[in-house]
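The values are calculated or read from the model by the stated rules, or taken from the named source; none is laboratory data. Since this is a predicted model, take the numbers as computed values, not measurements. Glycine gets a Cβ as well: all are built from the backbone with ideal geometry, and neighbour counts include every protein chain shown. Accessible surface is based on the protein model in full, side chains and every heavy atom, while ligands, DNA and RNA are left aside. Shrake-Rupley method; radii C 1.70, N 1.55, O 1.52, S 1.80 Å.
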There are 2 protein chains.
Amino acid sequence: MNFSTSEENYIKAIYHLQQANNLVTTNELATELNTKAASVTDMLKKLKTKKMLHYEPYQGFTLSNEGKKVALGIVRKHRLWEYFLVNKLEFGWDEVHSIAEELEHIHSPVLIEKLDAYLSYPKFDPHGDPIPDINGKMETTKQINLTDLELNAKAEVSAVGSQSSELLELLRHKNIGIGTVLEVIRKFTFDNSIEIVIKKNPPFSISHQLAQTLFVKPLYVSATDGSITK
Amino acid sequence: MNFSTSEENYIKAIYHLQQANNLVTTNELATELNTKAASVTDMLKKLKTKKMLHYEPYQGFTLSNEGKKVALGIVRKHRLWEYFLVNKLEFGWDEVHSIAEELEHIHSPVLIEKLDAYLSYPKFDPHGDPIPDINGKMETTKQINLTDLELNAKAEVSAVGSQSSELLELLRHKNIGIGTVLEVIRKFTFDNSIEIVIKKNPPFSISHQLAQTLFVKPLYVSATDGSITK
DNA sequence: AATAGTTTTTAGATTTGCCTAAAAATAAAT
DNA sequence: ATTTATTTTTAGGCAAATCTAAAAACTATT
């Protein structure tokens with residue numbers, strides 16, 4: 001089956017929304033895509049005839065299994081291109097989202113397989129999001145929100161919750177990126193800000209708002225030799 | 001100014017046609033783009049309002065200077081992506097044309113500049129065609145048609161006249177590619193086929209039709225030390 | 001359970017890019 | 001220089017994807 005750029009964008013957006021919500025509504029999707037509810041209804045009818053979703057008027061909708069496969073294919077392309085842009089072309093990870101949004105609609109399947117091989121089959125994109133393999137399978141490392149990390153625990157930053165350039169600019173300024181190992185040394189209840197330390201650098205504090213957008217994988221210190229593992 | 005994929009394809013096609021012909025006609029362009037004359041007329045009117053071409057009804061048309069700049073930008077993108085696909089992703093040079101046809105419409109200018117740098121500023125694509133630089137300038141090595149190469153002259157294959165996969169399959173079979181050094185050892189007037197030799201391999205003959213699609217840069221043997229130069 | 005408020009869908013237009021069929025302009029041929 | 005043939009343009013329509021405005025269906029509230 002063949003899809004237009006527009007159809008692919010709808011399918012991808014539905015996929016992301018139903019990760020959070022399960023049932024997706026017309027207005028949600030319209031907001032996500034910066035379009036109008038009426039346009040969404042039109043496209044839903046089309047995607048239903050293509051068997052991409054389960055949809056009854058007024059009842060909300062979710063992707064069918066077939067729809068999920070298509071969505072994962074697009075996500076795969078998006079994240080592989082992001083990886084390429086950052087790790088080969090030396091873009092900053094806060095600059096690549098919109099370019100990947102165009103590249104993800106290039107159709108050739110063999111192109112993506114060769115790109116994947118060229119990049120040595122990466123498992124995570126530059127934002128820490130897992131890259132689906134050719135069958136749609138991907139890592140589901142349990143990552144937790146930084147606000148839920150316990151005091152004095154070490155953890156490795158594994159994902160950021162959004163791709164807004166404002167956020168990524170702030171992270172760059174604070175020298176926080178995917179893979180950064182940090183430790184929470186204080187939590188302030190007044191404003192829920194937390195103080196963290198990275199390596200041997202001076203500690204500094206980050207806002208609750210920022211901490212909420214950061215996801216980490218806790219690291220456990222070995223009881224026997226003190227070495228750090230995941 | 002912003003252009004749709006369709007507008008870009010028209011501009012590119014006009015560019016290629018006017019390399020050969022100077023004045024381009026409606027029917028030529030319709031044939032080139034596998035579309036109908038009426039559609040071409042529609043688009044010509046649009047491109048004229050965008051100042052991309054000089055066009056008076058019934059009189060034929062050519063690109064304006066602005067139009068040429070746009071065309072060279074698209075050609076640049078196309079050829080850089082082809083280079084990338086062949087030299088980094090290990091595609092065969094006969095497989096990349098249609099993929100590059102999609103990639104050439106990705107808009108980000110900084111992407112192309114970073115890609116160019118990543119590829120170390122190549123001057124020719126895998127088919128031997130010169131890659132325009134960011135200002136639209138490109139190599140204009142005088143290459144001649146293989147049918148015009150004189151007997152017993154050595155030459156290096158520098159371009160192929162078409163990208164049809166039938167042609168490229170044949171070239172691959174005969175082990176002829178960009179950079180191949182060959183020598184014409186006989187010409188047959190009966191069917192205009194020519195016999196060539198590559199390195200120390202046994203000579204073989206190629207048809208007039210094939211020779212016509214091959215362009216070469218003659219190599220000159222030094223009178224003093226016998227070394228080969230361009 | 002009736003009303004008020006919100007969400008979703010339908011109805012009808014618009015734009016882009018394409019088409020067919022017919023008319024107009026140009027080119028060729030007697 | 002007419003007639004014939006070819007090329008190009010115009011006229012009118014179609015499909016995709018969007019929109020606004022209005023109707024219909026759901027939800028919440030008294």
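Against the numbered list (1) in a helix (DSSP H, G or I); (2) open to solvent by 60 Å² or more (accessible area, probe 1.4 Å); (3) within 14 Å of chain B (Cβ to nearest Cβ), A:Ser120 comes up short only at (1).
Can A:Lys36 be described as more than 23 Å from A:Ser108 (Cα to Cα), away from chain B (no Cβ under 14 Å), near DNA strand C (Cβ under 9 Å from one of its atoms) and modelled with pLDDT of 95 or more? In short, yes. Restricting attention to region B:14-48 and to residues that are free of Cβ contacts under 8 Å to residues at least 40 places away in the same chain and away from DNA strand D (no atom under 14 Å from the Cβ), the residue that is surrounded by the fewest Cβ atoms within 10 Å (Cβ to Cβ) turns out to be B:Asn34. Suppose the filter is in contact with a Gly (Cβ under 8 Å, 6 or more places away or on another chain), in a helix (DSSP H, G or I) and either aliphatic (A, V, I, L, M) or within 16 Å of DNA strand D (Cβ to nearest atom) (or both); does B:Leu85 pass it? Answer is no for this residue. Here A:Asn135 meets the list (1) open to solvent by 60 Å² or more (accessible area, probe 1.4 Å); (2) modelled with pLDDT of 95 or more; (3) farther than 22 Å from B:Phe91 by Cα; (4) within 14 Å of chain B (Cβ to nearest Cβ) almost entirely, failing just condition (4). A residue that is touching a residue at least 12 places away in the same chain (Cβ under 8 Å), closer than 30 Å to A:Thr25 by Cα and away from DNA strand D (no atom under 16 Å from the Cβ) can be found somewhere in region A:104-111. Applying the condition of being at pLDDT 95 or above and outside any helix (DSSP H, G or I) to region B:39-57 and asking which residue is nearest to DNA strand C (Cβ to nearest atom) yields B:Lys50. Looking across A:Lys77, A:Lys69, one residue alone is surrounded by fewer than 20 Cβ atoms within 10 Å (Cβ to Cβ), assigned to a helix (DSSP H, G or I) and either away from every other protein chain (no Cβ under 14 Å) or touching a helix residue (DSSP H, G or I) at 6+ places or on another chain (Cβ under 7 Å) (or both). It is A:Lys69. Checked against (1) open to solvent by less than 60 Å² (accessible area, probe 1.4 Å); (2) within 11 Å of chain A (Cβ to nearest Cβ), B:Ala155 passes all but condition (2).
Of all residues in region A:49-82, those that are more than 13 Å from DNA strand D (Cβ to nearest atom) and over 17 Å from A:His105 (Cβ atoms) total 11. Take B:Lys12 and decide whether it is more than 9 Å from DNA strand C (Cβ to nearest atom), modelled with pLDDT of 95 or more and within 15 Å of B:Glu101 (Cα to Cα). The answer is yes for B:Lys12.
Report yes if some residue within region B:185-194 is of a type outside the set (Asp, Glu), assigned to a loop (DSSP other than H, G, I, E, B) and either at positive phi or under 16 Å from the mean Cα position of the chain (by Cα) (or both); otherwise report no.
Yes, region B:185-194 contains at least one residue that is of a type outside the set (Asp, Glu), assigned to a loop (DSSP other than H, G, I, E, B) and either at positive phi or under 16 Å from the mean Cα position of the chain (by Cα) (or both).
Checking each residue in region B:125-154 for being over 15 Å from B:Leu214 (Cβ atoms) and not in a loop (DSSP other than H, G, I, E, B) picks out only B:Pro130.
If you go through region A:96-109 and keep only what is more than 8 Å from every other protein chain (Cβ to nearest Cβ) and more than 19 Å from the chain's Cα centre (by Cα), you end up with just A:Pro109.
Tell me, please, whether a residue that is open to solvent by 20 Å² or more (accessible area, probe 1.4 Å), touching a Lys or Arg at 6+ places or on another chain (Cβ under 9 Å), part of a helix (DSSP H, G or I) and farther than 28 Å from A:Glu95 by Cβ can be found in region B:93-116. Looking through region B:93-116, none of the residues is open to solvent by 20 Å² or more (accessible area, probe 1.4 Å), touching a Lys or Arg at 6+ places or on another chain (Cβ under 9 Å), part of a helix (DSSP H, G or I) and farther than 28 Å from A:Glu95 by Cβ. Any residue at all in region B:121-138 that is assigned by TED's automatic domain parsing to the domain that holds B:Lys217 and in contact (Cβ under 8 Å) with a residue 40 or more places away in the chain? The answer is no, given that none of the residues of region B:121-138 is assigned by TED's automatic domain parsing to the domain that holds B:Lys217 and in contact (Cβ under 8 Å) with a residue 40 or more places away in the chain.
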